[in-house]
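These notes concern the structure reproduced below.
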Amino acid sequence: MIKAIKSPKLYRRQSTFIFTGAIVSIGINFLFISANFKSVFIDVTPICMLLTLIVLYLGMFHMPKLVIVPIARDLLIENIKDIVIIVDSSNKIIDINPAGIKLIMSFKNKKFNIKQGMNFIGIKFNDLLKFVPDIKHVTTVSDTSNEYTITFNFNNKTFYYRVYKSSIFDTDKSEIGRLFTFHNITKMQEYTNNLKQLNDELLISYRIIGTAMEGILMTDASGNIIKVNDSFQRVSGYKKDDLIGKNPRILKSGRHDKTFYLNMWHSLSTNGYWEGEIWNKKKNGKIYPKWMSITSLKGSDGAVENYISISTDISKIKKTEDKLHSLAYYDLLTGIPNRTLFYERLERSLIRANDNKKAVALLFMDLDGFKVINDSLGHAAGDLLLKEVAARIKSSIRKSDTVSRLGGDEFTVILENVDSHEYVQAVSEVIIDKILLPYSILDREITLGVSIGIALAPYDESTVEGLMRKADAAMYDAKESGKGKYSFSSKEIEKRNQEILEMQIRLNAALHNKEFILYLQPQTAFDGNEFKIVGAEALIRWETADGKIFTPDKFIPVSENNRMIIPIGNWILEEIFKIDRILKSSGINIKLSINVSSKQFENNNLVSKIKEIFKENSPQNIDLVIEITESFLMQNTEKAIQNLQKIKELGIGISIDDFGTGFSSLSYLTRLPADYLKIDKSFIDDIANINHKNITPSIISMAKTLNLKTVAEGVETQEQINRLIDEGCDELQGYYFSKPLIISDFIKYIKQYNKI
């Protein structure tokens with residue numbers, strides 16, 4: 001009873017009621033027994049019994065509470081999510097609740113079974129902890145000997161438990177055991193860790209914002225600036241105090257229109273984000289480009305709370321882009337649009353012309369004589385000349401028009417909004433006149449010409465390719481007209497170009513079909529009494545299968561353009577050796593001349609081929625002369641001299657054809673390994689002209705000074721013969737003596753003429 005009274009309140013109340021009922025009953029009975037009450041004729045026993053019953057009833061009424069409390073405590077421990085372990089004074093487990101059993105069983109990959117908990121009763125508490133994988137004690141500032149935190153890893157996840165240790169005492173205040181409560185604080189710890197990580201990230205973000213190379217600006221929902229970082233201040237020139245509380249509109253450059261900003265805000269309101277190139281103004285007023293992104297930051301209610309912009313100064317990038325654009329679209333030498341930009345602008349011009357129903361004129365230009373000047377004076381002089389030409393063309397047109405350099409010495413002009421042919425003619429004439437004006441290049445005065453081909457859209461063509469093709473064809477027509485001319489595209493030109501195209505196609509098959517033949521035209525020399533045939537020039541003819549005969553002036557230029565001149569030239573070399581053998585077998589031993597094209601000298605083709613043919617026909621002793629034009633020599637004098645020297649070393653004679661039509665000078669003639677100067681037919685035709693009477697004597701005299709023989713071509717009259725003989729010309733050639741003959745007729749003619 002003493003223990004019950006000393007027990008908790010509920011037990012004391014229950015015990016008191018029972019104890020009181022017993023005392024009252026015993027006390028009354030004791031009084032009667034001891035006769036302390038006077039004998040009265042009253043039987044008090046019922047009253048005492050009633051009081052006793054009342055007290056007992058009250059005690060019994062509270063008795064269920066004595067039973068409920070332990071049961072409730074057991075239920076609490078059994079169902080609590082915390083782990084409860086009770087150990088005795090020797091640290092052995094005497095009880096463990098289901099939550100603890102369930103956790104330990106999960107470590108052993110076994111299903112929960114409350115009966116399994118009995119296996120843990122009696123084992124040491126520390127031995128039980130060995131079932132916990134990778135358990136660690138985590139030190140915290142709130143740790144005490146009776147309260148600490150443990151952690152363990154299970155199923156790739158870290159768990160945190162707060163451990164509470166309580167001592168259990170008996171009535172004598174002696175510790176008879178300990179109660180361990182393990183409270184799962186994993187979620188709370190994860191939340192704490194996340195908060196710490198977030199805090200760390202915020203600190204890092206703050207440092208990044210402060211030290212970032214990008215300019216960062218933040219505003220409130222109203223657009224007022226609340227924060228800028230150092231980079232923004234450095235780039236913009238504004239200090240923080242200049243910006244805080246202000247609207248970013250103070251940075252506007254005025255370069256963007258209202259639509260630009262409407263689109264920006266539409267993107268921000270719709271997507272919460274905008275990114276693009278923007279031009280802002282620095283504090284000093286300088287406008288500069290930035291690449292900027294703006295993000296709207298929303299609160300938990302979805303309303304915008306801030307705007308943050310991150311921007312990068314792209315001034316250097318823009319300069320690089322401009323430089324790359326210039327390299328991609330502008331000619332590095334002249335600074336005018338190049339081929340790429342020309343095609344783009346022509347395409348746009350044609351689209352605009354279609355919309356506004358106005359014409360576009362394309363002028364295709366090629367400089368006359370530029371290659372000779374460039375090869376003679378060097379590329380430095382050529383570059384200076386091209387720059388000056390570009391400037392002159394540019395000064396001849398409107399600012400809205402386009403002049404471009406396609407490459408080499410080819411230029412184009414796009415004229416928009418053309419109303420008449422007369423306007424295009426006037427512009428073309430201005431360009432030609434300006435190009436013809438003398439140039440002062442490297443202390444030398446140079447003259448230059450230009451040929452212009454013109455095509456109009458939509459009249460001639462409405463596509464870029466078609467317009468280019470027709471303007472190019474018209475340009476070649478202008479060149480053939482005498483250079484320094486302009487020519488409009490026409491059906492006649494188209495027809496001629498079609499014929500040229502067909503000729504190119506047929507040329508490819510001509511060699512295979514053996515349609516070429518060499519004719520021989522006699523070259524005579526006067527020995528004081530009579531003329532003797534001393535040589536012959538081999539002249540190629542093209543006799544097609546349908547009976548057409550083409551002279552060299554018709555197909556050689558075409559063959560040079562499509563590179564067929566190389567195999568044709570090789571065929572001539574092989575054929576001249578055959579002709580030489582035929583002539584010698586007929587008792588005729590004369591020199592034979594052939595014409596070669598400048599294209600044959602490219603990549604040492606001619607020199608290599610001559611060596612090859614000489615080797616194949618050895619020991620045939622042929623008296624061969626090759627004729628080259630003076631204009632070819634001027635294209636690249638140094639290289640020409642080297643190639644001619646190699647040919648000369650093979651025992652082949654060199655003749656300068658069409659002499660006097662180029663830019664002759666003693667300085668290069670003295671260096672050429674030449675044997676003959678061939679006077680051009682134009683001088684022979686004009687030999688009776690009093691204004692030109694001194695030309696042929698001068699050429700002949702110069703040739704003799706250089707120890708060169710002269711050959712006059714195109715001799716057709718007795719008067720020409722008499723003058724040339726009197727002036728000392730060595731050999732004569734022309735229709736006066738004979739037209740070109742096939743080999744069989746030539747043999748008959750020379751035998752009769754030379755009386756063989």
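Each value in this text was obtained by applying a stated rule to the coordinates, not by laboratory testing. Note that this is a predicted model, so its numbers are computed, not measured. No Cβ is skipped: glycine too gets one built from the backbone with ideal geometry, and neighbour counts run over all protein chains shown.
The phi-based Karplus calculation (6.51 cos²θ - 1.76 cosθ + 1.60; θ = phi - 60°) puts the 3J(HN,Hα) values of region 288-296 at 9, x, 9, 9, 10, 10, 10, 10, 8 Hz, whole numbers, x for Gly and Pro.
Is any residue of region 288-314 close enough, with backbone N under 15 Å, to a label point placed 7 angstrom from the Cα of Trp265 along the Cα-Cβ axis, and if so, which? Only 307 fall inside the zone, counting backbone N under 15 Å. Working note: 222 nm ellipticity from helices only, DSSP H runs with n ≥ 4, each -39,500 (n - 2.57), summed and divided by the residues of the chain, gives -14500 deg cm²/dmol to the nearest 500. Counted residue by residue at 0.36 nm each, then reduced by the alpha carbon distance between them, the extension gain from Glu612 to Leu706 reaches 30.7 nm. Each Cα pair under 8 Å and six or more residues apart adds its separation to the average, and for the chain the resulting relative contact order is 6 percent.
Projecting the Cα atoms of Phe488, Ile628, Asn146 onto the charge dipole of the chain, computed from C-beta unit charges around the Cα centre, puts Asn146 farthest toward the positive end. In a fully extended conformation the segment linking Asp134 and Asn184 would gain 16.4 nm over its present Cα-Cα distance, using 0.36 nm per residue.
Using the Cβ-Cβ distance between Arg496 and Val534 with R0 = 51 Å, the FRET efficiency computed as 1/(1 + (r/R0)^6) comes to roughly 0.80. Compared with the dominant principal axis of the Cα atoms in the chain, helix 98-107 is inclined by about 30°. Restricting region 397-505 to trypsin sites (Lys or Arg not before Pro) that sit in a DSSP loop and have at most 16 other Cβ atoms within 10 Å of their own Cβ leaves Arg398, Lys399, Lys483.
May I ask for the distance between the Cα centers of region 256-323 and region 160-199, given as a whole number of Å? Each part reduced to its Cα centre gives a spacing of 54 Å. Label-to-label distance for Tyr191 and Asn689 is 11.1 nm, based on points extended 7 Å past Cα in the beta-carbon direction. Seen against the Cα atoms of the chain and their longest principal axis, helix 491-510 is set at about 90 degrees. Between the entries (1) 1.20; (2) 0.96; (3) 1.48, the label attached to Rg/Rh (Cα atoms, Kirkwood Rh) calculated for this structure is (3).
What do you get for chymotrypsin sites (Phe, Trp or Tyr not before Pro) in region 705-755 restricted to DSSP loop and a cutoff of at most 13 other Cβ within 10 Å of the site's Cβ?
Those that pass, being in a loop and sparsely packed, are Tyr735.
Treating r as the C-beta distance of Ile725 and Lys748 and R0 as 22 Å, the FRET efficiency rounds to 0.25. Helix 315-329 and the longest principal axis of the Cα set of the chain meet at an angle near 30°. Going by the alpha-carbon gyration tensor, a ≥ b ≥ c the square roots of its eigenvalues, is region 80-193 rounded (a/c under 1.5) or, if a/c is not under 1.5, prolate (a/b greater than b/c) versus oblate? The shape class here is oblate. The distance separating the Cα centre of region 673-705 from that of region 327-345 comes to 46 Å.
FRET efficiency for the Ile176 to Phe154 pair, using the beta carbon distance and R₀ = 41 Å, is estimated at 0.80.
Residue separation of Ser167 and Asp433 scaled by 0.36 nm, minus their Cα-Cα distance, works out to 84.0 nm of gained length. Close amide H contacts of Asp730 (hydrogens built in the peptide plane, cut-off under 5 Å, sequence separation of 5 or more or a different chain): Thr710. Loop-located trypsin sites (Lys or Arg not before Pro) in region 303-382 (DSSP state not H, G, I, E or B) with no more than 16 neighbouring Cβ atoms inside 10 Å: Lys357, Lys358.
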